[in-house]
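S.K.: Starting off with a structure, shown below.
The values are calculated or read from the model by the stated rules, or taken from the named source; none is laboratory data. Everything numeric in this text was worked out from a predicted model, so none of it was measured. A quick note on method: Cβ atoms are made from the backbone with ideal geometry, for glycine too, and the neighbour counts reach across all protein chains shown.
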Amino acid sequence: VASSRRHPATLALATCLTLSLALALVFFYAPIEAQEGFLQKIFYLHVPLAIITLCGFVCGGLMGIQHLRTRDDRWDLRSYVAIHMSLIFGVAALITGSIWAKGSWGHWWVWNEPTLVSFLIIMLLYATYQPLRFAIEDRERQARYASVFAITAGAFVPMNFIAVRLTPSYVHPRVLSSSSNLPASMGFTFVVSLIAMTLLFITLWQYEIRAKQARFALRALRARLGAAEGRSARPGSERAWVTGPGLVEGPPPKQPAAEALST
Amino acid sequence: VPAVRQPPRFGSALRALLRKELLVELRTLESVPGMSLFAVSVFVVFHFALNRASIDGDLAAGVLLVTLLLASLLGINRLFVADAEQGGFDGFLLAPVNPTALLAAKALALIGYLLVLELVAVPAFALLLLGTSLWPALPGVIGVLALADLGVATTGTLVSTLAVRTRARDLLGPLLALPLLIPVVIGSSSAISPLLAVHPPALGAWLSGSAARWLVLLALYDLVFGLIVYAVFDFLLED
C-alpha cells in the first residue's frame, strides 16, 4: 500500500491542525448546554471516540475479509492494527462515557443506557481477540483465525446493538444521540470533532503499521546477519508483512507466536 | 481403466459424520451426561445463592437460561476436542468432503446434545425451583428454546473450532462464546419471563404481545450467524 511507504507526516500535521481546531471550537465556539452546563462538552470527545471505535471494529472485519480473499498478510496486519487501535479508543470511550454518566445521571454506570451496554458487550468480545490470536502458535493459522474472528465480531457489532436496543427497559429519551437534533453551532463542532478523531485514528493506525513493519524488517535483518555469521538463527516468517507473501524464505521460526506480534 | 470414484455427496457425507458424532458420544458419554448433571447442580447452587425455595417471572427465566447457557458451554468446549487430539481433523481433510458437511454435522450433534440437556434440565427446574406450573408455559418455552438452541449450536460450533487448536482452549471457548451469545440470552429470557410469571398470559396473548419481537430477534440471530458461520467455516479447516 502506498501509504505505508510514504511517510505519513502530512497526515499527522493535518490531524494536529484539525484536533486543535476541534478543541478550540469545543471550548470557545460551541455554546454551553442549558441543562448539563459545561459537562456536556465531553460529548464532543466521547461520541466521536465511540463512533470511531465501532467503525474501526467493522473496518477490521472488512480487512479480515480482504485477508481471507487475497491471502496477503499485509491485510492481516492492517486488520490487527485497526482492532488494536479500536480497543484503545474504546477504553477511552468507556472512561469518558462513565464520567459523563456520573456527571449527568449521578452514577458511574447505568444499565438503562442501551448504547453503553451494547458497547460494553462489544468491548468484552473484542478483548478476547488478542488472547485468541496469541494462543495460536502457527503464524499462518494465527492470521487466518484472527481474520475469521474479525469478520464474525464485525458482523456481531450491529446485531448486538439491535438486540440491546429492543429491550423495553432501555427505551428512554436519547440524550443528544445524533447531530440532527443539535443546534447548528453544536452540530458543526461535533462534525469537526468527528473528523479530527477519524484523522487521529488513521494517523495512529498508519504509524503502528509502520512501526511493526520496521520491527519485522529489523528482526529479519538480524536473523540474516546471524545466519551469515554462522549462528543458527533463521529468517523470520514475519518478513511476509514487509515483503508480501511468496517471498518468505525457509520454514516459519520456532518461536512463540506472542513474540511474533507483541505490541 | 480404473473406475474413478465420485466424492460422496453432501447428504451422505453429512449422514456419515453425524452418525460418527452420535456414535462417539454414545460410546464415550463424554458430553451430555456431564452437561445435564452440571445443570442440576447449578439449580442447587442457585437455590442456596438466592436463598429462595421457589422463583418465578424474570428471575426464573434468568436462572433457567443462564443454567442452560453454562451447561451448553461445557458441550461447546468439548465439541472438537477428540478431532483435535486424535487426528479427526487430518482424517477429514484427507477425505474429499465439503467442509460444510462437518459444520452441519457438528451443529446438528450439538443441537441434539442441547435437546437432551433440556429434556433433563427443564423438568428438573420445574421440580426444584419453579414456583408456578410449567404446563401452560410449555409450548412457548419449547418454541423459544428451539430457536435459542439453533443460535447456540451455530455460534458454538464456530467458537469451538476457533478455540480448540489454541493453547488456552478451555479458557478461550467460554470467553469467546459468552459475549457472542448475549443476544440469545436477551431474546430468550425476555420471551420466556412472562410465561413463568405467577399469572402467565394465554399462549395467543403472549405471541401477539412482546414475545413476537423476541422470537423475531432470535430468528434473525440464527439466520445472520448461520450465514456468517457458513461463510467463514471453510477457512478454519485448511490445515
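S.K.: Looking only at helices (runs of 4 or more DSSP H) that fall completely inside region B:123-239, which ones have 3 or more residues that are touching a residue at least 60 places away in the same chain (Cβ under 8 Å), facing chain A (nearest Cβ under 8 Å) and within 23 Å of A:Gly154 (Cα to Cα)? So that I can check it myself, show each step before the final result.
M.R.: Working: elements: B:138-164, B:169-192, B:203-206, B:212-232.
Per the criteria, B:138-164, B:212-232.
S.K.: Here's a follow-up. Check A:Val58, A:Val47 and return the single one that is under 23 Å from the mean Cα position of the chain (by Cα) and farther than 20 Å from A:Gln130 by Cα. Walk me through it before giving the result.
M.R.: Details: A:Val58 fails: farther than 20 Å from A:Gln130 by Cα.
Of the residues listed, the single one that is under 23 Å from the mean Cα position of the chain (by Cα) and farther than 20 Å from A:Gln130 by Cα is A:Val47.
S.K.: Looking at region B:18-35, is at least one residue of a type outside the set (Ser, Thr, Tyr) and touching a Pro at 6+ places or on another chain (Cβ under 8 Å)?
M.R.: Kept after step one, since they are of a type outside the set (Ser, Thr, Tyr), are these residues of region B:18-35: B:18-27, B:29-30, B:32-35.
From what's left, touching a Pro at 6+ places or on another chain (Cβ under 8 Å): none.
Within region B:18-35, none of the residues are of a type outside the set (Ser, Thr, Tyr) and touching a Pro at 6+ places or on another chain (Cβ under 8 Å).
S.K.: Among the residues of region A:127-162, which ones are in contact with a Ser or Thr (Cβ under 7 Å, 6 or more places away or on another chain) and within 9 Å of chain B (Cβ to nearest Cβ)?
M.R.: The answer is A:Leu132, A:Ala135, A:Ile136, A:Ser147, A:Asn160.
S.K.: Also, quick follow-up: Looking only at region B:17-42, which residues are aromatic (Phe, Trp, Tyr) and more than 20 Å from B:Leu69 (Cα to Cα)?
M.R.: Just the residues of region B:17-42 that are aromatic (Phe, Trp, Tyr), to begin with: B:38.
None - no residue of region B:17-42 is aromatic (Phe, Trp, Tyr) and more than 20 Å from B:Leu69 (Cα to Cα), so the list stays empty.
Rundown of residues vs (1) closer than 24 Å to B:Arg167 by Cα; (2) without any contact (Cβ under 8 Å) to a residue 12 or more places away in the chain; (3) of a type in the set (Phe, Trp, Tyr), yes/no style:
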site	(1), (2), (3)
B:Val42	no, no, no
B:Asp56	no, no, no
B:Leu65	no, no, no
B:Ala71	yes, no, no
B:Gly75	yes, no, no
B:Gly87	yes, yes, no
B:Asp90	yes, yes, no
B:Pro99	yes, no, no
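S.K.: Tell me, yes or no, whether region A:112-122 has at least one residue that is more than 12 Å from every other protein chain (Cβ to nearest Cβ), polar (S, T, N, Q) and farther than 17 Å from B:Phe235 by Cα.
M.R.: yes
S.K.: Name the pairs: first residue in region A:213-231 and within 20 Å of A:Leu77 (Cβ to Cβ) and of a type in the set (Gly, Ala, Ser), second residue in a helix (DSSP H, G or I) and modelled with pLDDT under 90, Cβ to Cβ under 8 Å, at least 6 apart or on different chains?
M.R.: A:Ala217/A:Arg239; A:Ala217/A:Val242; A:Ala220/A:Glu238; A:Ala220/A:Arg239; A:Ala220/A:Val242
S.K.: Let me confirm something: among A:Ile122, A:Ile65, which residue is in contact (Cβ under 8 Å) with a residue 60 or more places away in the chain, in contact with a Pro (Cβ under 8 Å, 6 or more places away or on another chain) and part of a helix (DSSP H, G or I)?
M.R.: Working: A:Ile65 fails: in contact with a Pro (Cβ under 8 Å, 6 or more places away or on another chain).
Being in contact (Cβ under 8 Å) with a residue 60 or more places away in the chain, in contact with a Pro (Cβ under 8 Å, 6 or more places away or on another chain) and part of a helix (DSSP H, G or I) holds for just one of A:Ile122, A:Ile65, which is A:Ile122.
S.K.: I'd like the full set of residues that are out of contact with any Leu (no Cβ under 9 Å at 6 or more places or on another chain) and either within 14 Å of chain B (Cβ to nearest Cβ) or surrounded by fewer than 20 Cβ atoms within 10 Å (Cβ to Cβ) (or both), limited to region A:46-56.
M.R.: Of everything in region A:46-56, just one residue is out of contact with any Leu (no Cβ under 9 Å at 6 or more places or on another chain) and either within 14 Å of chain B (Cβ to nearest Cβ) or surrounded by fewer than 20 Cβ atoms within 10 Å (Cβ to Cβ) (or both), namely A:Cys55.
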